[in-house]
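The values are calculated or read from the model by the stated rules, or taken from the named source; none is laboratory data. Small disclaimer: the values here were computed from a predicted structure and weren't measured. As a convention, Cβ positions derive from the backbone with ideal geometry for all residues, glycine included, and neighbour counts pool all protein chains shown. The protein model used for the area step is the full one, side chains on, heavy atoms only, and it has no ligands, DNA or RNA in it. Shrake-Rupley method; radii C 1.70, N 1.55, O 1.52, S 1.80 Å.
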Amino acid sequence: EVDWFSLASILFLLVFAPLIVYYFIMSCDQYQCSLIDPVIDLLTGNKYLSDIWNKTPTLTYRAAGIYTLWVAFQVVLYMCIPDFCHKFLPGYVGGVQEGAVTPAGVVNKYEINGLQAWIVTHVLWFANAYYFHCFSPTIVFDNWIPLLWCANILGYAVSTFAMIKGYFFPTNAKDCKFTGNFFYDYMMGIEFNPRIGKWFDFKLFFNGRPGIVAWTLINLSYAAKQQELYGQVTNSMILVNVLQGIYVLDFFWNEAWYLKTIDICHDHFGWYLGWGDCVWLPYLYTLQGLYLVYHPIQLGTANAVGILMLGLIGYYIFRMTNHQKDLFRRTNGNCKIWGKKPEYIECSYMSVDGTKYHSKLMTSGFWGWARHFNYTGDLMGSLAYCLTCGFDHILPYFYIVYMTILLTHRCIRDEHRCFSKYGKDWKRYTSAVPYRLIPGLF
């Protein structure tokens, strides 16, 4: 059942999320990244909405061709080239991997080759930039708003197709969820794991490719535009490229681990993931680099080092927290965390068929500090991206605000699910680890 608050939230996002993306990108294109000046112009009558809209670049055949080739290339890398990186990179898990058990009891198999796709794409990008010169390295920035319309077309098309597919030809009918509310089903999705054929998985492809592979290319295009406009790339732009590049590489290095996360294990595929991966992620996660094209900032050495350290420490916490949890799960607690045997709480839960299962919840290491300390590290990294842009405008800080809301909401969703699953055992766990994100505060 869909309560009124959920429905109101979904209608708000369906209406305003695309407008938010447009407003941010338009403000950089027409107002030097000021979020306030467009509102002042409209309220004072200096401009009308039609004036702003008429100055907005439209969809072009060039942008449509670029975007079509980009998506098609990523489909080819995803579908047609089995992973070979796991054969020569020690510690990397690629190739065919199994996902979590779905509610219908299905265990899907995935071809994990995101790191390979990222490497091939970036090798070709640099080869073109330095040798072949088939297109300018600034091609993404130069077509940024026309590409936005292309991304929206794909986002809405794939979301609509996923909904129709869920009704008429689902991959697995038992893994479909129908609420009877059109807007909720469109937003949150009907099918759990929509697929075409055996290997094309909508969730895995659209979350990682083309959005996250593009993330670092978009930043590189911003850096190239800085070089073109000002004759140099600032250290703030380099920091954005390095810190966000580490995050992207971490995602693909641990793509097999991603199969166990909330996106794959619990979310259905609808507009939230389909449009979000095509539009929201590449356009709003890269705002810092876009801002620095319009406002190049050369940071002082102390500030640059401080931001770099904040980002690296945040990444270390994010990665090591996840590593501790993964190690604990893989060894069933027979391991060492910070040099000693981990502490944990024994839990039990009942499946829908009446079978009783037992589990362990770790209460030591980073997981003894807070119940979602990996998110704390993620937020530290997010803040570092924003700090590279100084304090003259609020636009670059949208990312840390958004990530704080997103990850806090995920905490609440995850804990509600865990309480439903473990009951009184979950209360014992929250008593042992009382804080969610920040030890001593929250």
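I'm checking my understanding of the structure. Among residues of the range 174-209 that are among the small types (Gly, Ala, Ser) and under 26 Å from GLY114 (Cβ atoms), which one is surrounded by the fewest Cβ atoms within 10 Å (Cβ to Cβ)?
In this case the residue turns out to be GLY197.
Against the condition out of contact with any strand residue (DSSP E or B) (no Cβ under 7 Å at 6 or more places or on another chain) and open to solvent by less than 40 Å² (accessible area, probe 1.4 Å), how does CYS278 come out, does it pass?
yes
On the basis of being in contact (Cβ under 8 Å) with a residue 40 or more places away in the chain and on the phi > 0 side of the Ramachandran plot, does GLY208 make the cut?
No, not satisfied.
Mind listing whichever residues of the range 36-71 are of a type in the set (Ser, Thr, Tyr), open to solvent by 70 Å² or more (accessible area, probe 1.4 Å) and either in contact (Cβ under 8 Å) with a residue 40 or more places away in the chain or closer than 13 Å to LEU154 by Cα (or both)?
Result: THR58, THR68.
Report whether or not ASP3 is more than 27 Å from ALA214 (Cβ to Cβ), assigned by the TED database to the domain that holds GLN116 and loosely packed, with under 15 Cβ neighbours inside 10 Å. Break it down stepwise before answering.
Values: more than 27 Å from ALA214 (Cβ to Cβ): yes; assigned by the TED database to the domain that holds GLN116: yes; loosely packed, with under 15 Cβ neighbours inside 10 Å: yes.
So ASP3 fits the description; yes.
Taking the stated definitions as given, is GLN116 more than 20 Å from the chain's Cα centre (by Cα), of a type in the set (S, T, N, Q) and either part of a helix (DSSP H, G or I) or on the phi < 0 side of the Ramachandran plot (or both)?
Against the criterion (more than 20 Å from the chain's Cα centre (by Cα), of a type in the set (S, T, N, Q) and either part of a helix (DSSP H, G or I) or on the phi < 0 side of the Ramachandran plot (or both)), GLN116 does not qualify.
Has the range 400-410 got any residue that is hydroxyl-bearing (Ser, Thr, Tyr), farther than 24 Å from PHE328 by Cα, assigned to a helix (DSSP H, G or I) and open to solvent by less than 20 Å² (accessible area, probe 1.4 Å)?
no
Within the range 119-173, how many residues turn out to be farther than 14 Å from CYS278 by Cα, open to solvent by 40 Å² or more (accessible area, probe 1.4 Å) and of a type in the set (Phe, Trp, Tyr)?
Residues meeting the conditions: 9.
Could you check how many residues of the range 297-334 are outside any helix (DSSP H, G or I) and open to solvent by less than 80 Å² (accessible area, probe 1.4 Å)?
Result for the range 297-334: 5.
Please give the helices (runs of 4 or more DSSP H) falling wholly within the range 1-90 in which 1 or more residues are under 29 Å from PHE391 (Cβ atoms). Explain how you work it out, then say what you get.
Working: elements: 4-31, 37-44, 49-54, 61-80.
Result: 4-31, 37-44, 49-54.
Hey, can you tell me all the residues within the range 225-259 that are under 15 Å from the mean Cα position of the chain (by Cα) and charged (D, E, K, R)?
ASP250, GLU255
Residues are listed down the side, and each one gets a yes or a no for (1) of a type in the set (A, V, I, L, M); (2) more than 30 Å from SER27 (Cβ to Cβ); (3) free of Cβ contacts under 8 Å to residues at least 60 places away in the same chain:
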site: THR376; (1), (2), (3): no, yes, no
site: GLY390; (1), (2), (3): no, no, no
site: TRP426; (1), (2), (3): no, yes, no
site: SER431; (1), (2), (3): no, yes, yes
site: GLY440; (1), (2), (3): no, yes, yes
